[in-house]
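Structure first, commentary second.
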Amino acid sequence: TAPTDDAPGTLQGVVAARIDALPGEEKELLQLAAALGKVFWTDALASLSGVEGWTLDERLYALERKEFLRREHRSAVAGSKQYVFVHALVRDGAYGQMARAARADVHRRIADWIGKLPADRADDRVDMLAHHLVEAITYGRAAGGDVADLVPRASAALREAGDRAWALGTAASALVFFERARDVDPAAGEDPYLLL
């Protein structure tokens, strides 16, 4: 989900000032992590940032020491370390400092990374893929960018997410996904499957 702006201004200001004081490479890593979500894994962060191995570990350790992130003892992804933001305000602050065009680009890159993952757990990722594609479109349009290539991908991902929700017996969630598929791609609005 997208970060929220419901914290008192002074507290947000303190968090923003702490983020601004970070070295550039740590701030960029924190922003990429914020786009990934409240929980993220090092394999995704390495792919997005191009920073791997000891360098990535050192930067994450520095962010952990400065109390922006916390490493979890167990990871839900084998072979990858799992981190969480110590507070939603930190994630919101890091994400909020990114320009719209940068957010669109990062969400597009996250969607591309998700699309390249092995197919063994594709059903578990379809909601994430849909979310990042929709965010890439939303911020891309807001920044005046061309997102035409993302529209059919997002519509298909939302339809898949709707099918998965329907199969799991959550009709209300399925309806939301199907309606969003029609909203993202008006051409899909005439699709008999989505209309049904």
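Structure summary
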read-out	value
Leading residue by the ranking (farthest from GLN97 (Cα to Cα)) among those in the range 23-42 that are open to solvent by 60 Å² or more (accessible area, probe 1.4 Å) and in a helix (DSSP H, G or I)	GLU25
The range 41-68 - residue that is more than 15 Å from the chain's Cα centre (by Cα) and of a type in the set (Val, Ile, Thr) and, of those, modelled with the lowest pLDDT	VAL51
Cβ-Cβ under 8 Å pairs, at least 6 apart or on other chains, the range 27-56 side within 16 Å of TRP113 (Cβ to Cβ), far side polar (S, T, N, Q) and part of a helix (DSSP H, G or I)	LEU29/SER49; LEU32/SER49; LEU56/THR42; LEU56/SER49
Count - residues of the range 44-54 that are over 14 Å from ARG109 (Cβ atoms) and open to solvent by 60 Å² or more (accessible area, probe 1.4 Å)	2
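The values are calculated or read from the model by the stated rules, or taken from the named source; none is laboratory data. On a predicted model such as this, the values are computed, not experimentally measured, just so you know. Because the Cβ atoms are built from the backbone with ideal geometry, glycine has one as well, and the counts that use them run over all protein chains shown. Surface areas here come from the heavy atoms of the whole protein model, side chains and all, with no ligands, DNA or RNA. Shrake-Rupley method; radii C 1.70, N 1.55, O 1.52, S 1.80 Å.
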